[in-house]
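The values are calculated or read from the model by the stated rules, or taken from the named source; none is laboratory data. Bear in mind the structure is a predicted one, so any value in this text is a computation, not a measurement. Here the Cβ positions follow ideal geometry from the backbone for every residue, glycine too, while neighbour counts run over all protein chains shown.
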Amino acid sequence: MSDDEPRDVTPLARSRHRVAVVGACPAGLFAVQALLRRDPGLAIDIYDRLPTPYGLLRYGVAPDHTAIKRVATTLARVFEGRAVRFVGMVELGRHITRHQLREHYDAVVYAMGASRDSHLGVPGEDLDGCLSAREFVAWYEGHPDASPVVLTGVSTAVVVGIGNVAIDVARILAKPVDDLSDTDMPDAVLGELGREPVPEVWIVGRRGPRQTAFTQVELRELVSLDGVAVSVDGVQPGELDDDESLDRRTRAVLRALRDGPARSVPDPRVRLRFLFWHRVWRLDGPGEVESVRLEATRSDAEGRLEGIEEWRDIPAQLLLRAIGYRGQQLPGLPFDPVAGIIPNVEGRVTDQRGEVQPGEYVVGWIKRGAVGVIGTNKSDAAETVDHLWEDLAADGGTGRCSSDDPVVGLVESGTPVADFAAWLRIDAAERARGESRGRIRTKIATWQELAGLVAGDDDEAAKEMRRA
Ligand SMILES: Cc1cc2nc3c(=O)[nH]c(=O)nc-3n(C[C@H](O)[C@H](O)[C@H](O)COP(=O)(O)OP(=O)(O)OC[C@H]3O[C@@H](n4cnc5c(N)ncnc54)[C@H](O)[C@@H]3O)c2cc1C
């Protein structure tokens, strides 16, 4: 789309309520689903800073977990709504403000997810080779903002954290690259993972196996990988034993942690080492991580974690902290810096003093923090939409917001906007690239190529044909 031609913009429906959703991700799209159930003709603009929808379903859920990725097919149906538009490449806080959204829509639903990460707060965290799992995941998922990761020279990687994100990144490192070659990973990522496998991967937790957030299926998949020898260390006597007082998930996790090391893996390709009850004390190296110092921990009588001044050094060249994603504060929007969320009462946005901000709502990870699976966002969005609908019904809404179309305004001011047709061009180009390699899709991972496809750039299309 050229800068001065708003030709692809279907006019915003004027006769009904208008809703803006910021974040074309699982939570945002579940909210749209719930809204369309109330009124299939509702005018809904779904904004996203990327030209591609689906948020972490596209850029977080692991590429080798294709069954979950297929949720996108169901979510895509919301774009068939009569008055639903995808407004990609438009970032709240950069191209459009909270004030503009409030002016043009009867209701605004924030679904920006959690795009920052938690830090360890230890010396050496800024050394090269210390990354957040978010950055590492963004790289292997082909996110256009990701920086390349170099694995040359990495003989030991330490993953800090005992949740499913830690499992994902450990599995991507430990899996034979041939088993990843039918995924949608960019070619450059597969090349890097295949060049020099990482023979030793640690998963370090500051608490014990009974406090992990692993799910059974993911953990069992990891400890059963071909050619991977598993060890479990740091546990207290009896801690891995079955115990009927524990919930089913925890018992299954303990079983997988007992079964993994019991497997015989002659001549292992990768050694996967779980180390519990240890926390990172510092990272050492002249400019790059060379070793990680850990302190042993224990839980005190009140369940608080404490260090016991017993040290262990692991020579390692890569440290991935998988200790949580956090929401980002956006200009002009209320934010709770402790929880890393937009403050809210059951999805109604509040200011710092707890006062409800009329017409503003929140769903997903930016509502409740970075916890829960894709499905959790469905009931979470339903709660928010119930309140939004109650509020719209109570005060009418329509007619109070400006009748101008903000998307036309954006296009006229020279902001390149990716509509749904632009996403379909990207989708087709990725499928074509994948097909030529016997895969369903190969992701396009650079802003330049994505923007070229958004613009319907003939050169980019021709290059894509040649590549395919
Ligand atoms: C590594 C990883 C693996 C996961 N694996 C699984 C799994 O296997 N199974 C499962 O069920 N769940 C999984 N999850 C959880 C699942 O991805 C989340 O529950 C879900 O994505 C919730 O996020 P969300 O919809 O709130 O936001 P997100 O998915 O994070 O999306 C936020 C969207 O907002 C957009 N955005 C951000 N800021 C702005 C802005 N200022 N302006 C405009 N747009 C903006 C972003 O581009 C993005 O599209 C995984 C999560 C991670 C991190």
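Residues in the stretch 152-170 that are farther than 23 Å from Arg195 by Cβ and part of a loop (DSSP other than H, G, I, E, B) were compared, and the one that is nearest to the ligand (Cβ to nearest atom) is Gly163.
Tell me yes or no: at least one residue of the stretch 21-44 is part of a strand (DSSP E or B) and in contact with a Pro (Cβ under 8 Å, 6 or more places away or on another chain). Among the residues of the stretch 21-44, not one is part of a strand (DSSP E or B) and in contact with a Pro (Cβ under 8 Å, 6 or more places away or on another chain), which makes the answer no.
Do we find that Ala422 is more than 14 Å from Met185 (Cα to Cα), touching a helix residue (DSSP H, G or I) at 6+ places or on another chain (Cβ under 6 Å) and among the small types (Gly, Ala, Ser) in this structure? Show your work before the answer.
Details: more than 14 Å from Met185 (Cα to Cα): yes; touching a helix residue (DSSP H, G or I) at 6+ places or on another chain (Cβ under 6 Å): yes; among the small types (Gly, Ala, Ser): yes.
Judged against the criteria, Ala422 is a match.
Within the stretch 121-142, the set of residues being within 9 Å of the ligand (Cβ to nearest atom) and in a loop (DSSP other than H, G, I, E, B) comprises just one member, Glu141.
Scanning the stretch 48-93 for residues that are part of a helix (DSSP H, G or I), surrounded by 21 or more Cβ atoms within 10 Å (Cβ to Cβ) and more than 9 Å from the ligand (Cβ to nearest atom) yields Leu75, Val78. Of the residues screened, Arg271 is one that is outside any loop (DSSP other than H, G, I, E, B), over 26 Å from the mean Cα position of the chain (by Cα) and closer than 29 Å to Gly142 by Cβ. Among the residues of the stretch 229-248, just one is in contact with a strand residue (DSSP E or B) (Cβ under 6 Å, 6 or more places away or on another chain) and loosely packed, with under 13 Cβ neighbours inside 10 Å, namely Ser231. Would a scan of the stretch 3-13 turn up a residue that is modelled with pLDDT under 95, basic (Lys, Arg) and not in a loop (DSSP other than H, G, I, E, B)? Scanning the stretch 3-13 turns up at least one residue that is modelled with pLDDT under 95, basic (Lys, Arg) and not in a loop (DSSP other than H, G, I, E, B).
Could we say that Arg38 is basic (Lys, Arg), in contact with a helix residue (DSSP H, G or I) (Cβ under 8 Å, 6 or more places away or on another chain) and either more than 8 Å from the ligand (Cβ to nearest atom) or at positive phi (or both) here? Talk me through it step by step, then tell me what you get.
Numbers: basic (Lys, Arg): yes; in contact with a helix residue (DSSP H, G or I) (Cβ under 8 Å, 6 or more places away or on another chain): yes; either more than 8 Å from the ligand (Cβ to nearest atom) or at positive phi (or both): yes.
Answer is yes for this residue.
Applying the set (1) closer than 22 Å to Glu91 by Cα; (2) of a type in the set (S, T, N, Q); (3) within 12 Å of the ligand (Cβ to nearest atom) to Thr376 leaves exactly one unmet item: (1).
Looking only at the stretch 94-110, count how many residues are touching a residue at least 60 places away in the same chain (Cβ under 8 Å), within 11 Å of the ligand (Cβ to nearest atom) and part of a loop (DSSP other than H, G, I, E, B). Of the residues in that region, 2 qualify.
Of (1) surrounded by fewer than 21 Cβ atoms within 10 Å (Cβ to Cβ); (2) near the ligand (Cβ under 10 Å from one of its atoms), Cys25 satisfies all except one. Which? Only one criterion is unmet by Cys25, namely (1).
Please give the strands (runs of 3 or more DSSP E) falling wholly within the stretch 279-382 in which 3 or more residues are crowded, with 19+ Cβ neighbours inside 10 Å and more than 25 Å from the chain's Cα centre (by Cα). Strands (runs of 3 or more DSSP E) meeting the threshold: 291-299. When the stretch 217-238 is filtered for residues that are in contact with a helix residue (DSSP H, G or I) (Cβ under 6 Å, 6 or more places away or on another chain) and free of Cβ contacts under 8 Å to residues at least 40 places away in the same chain, only Arg220 remains.
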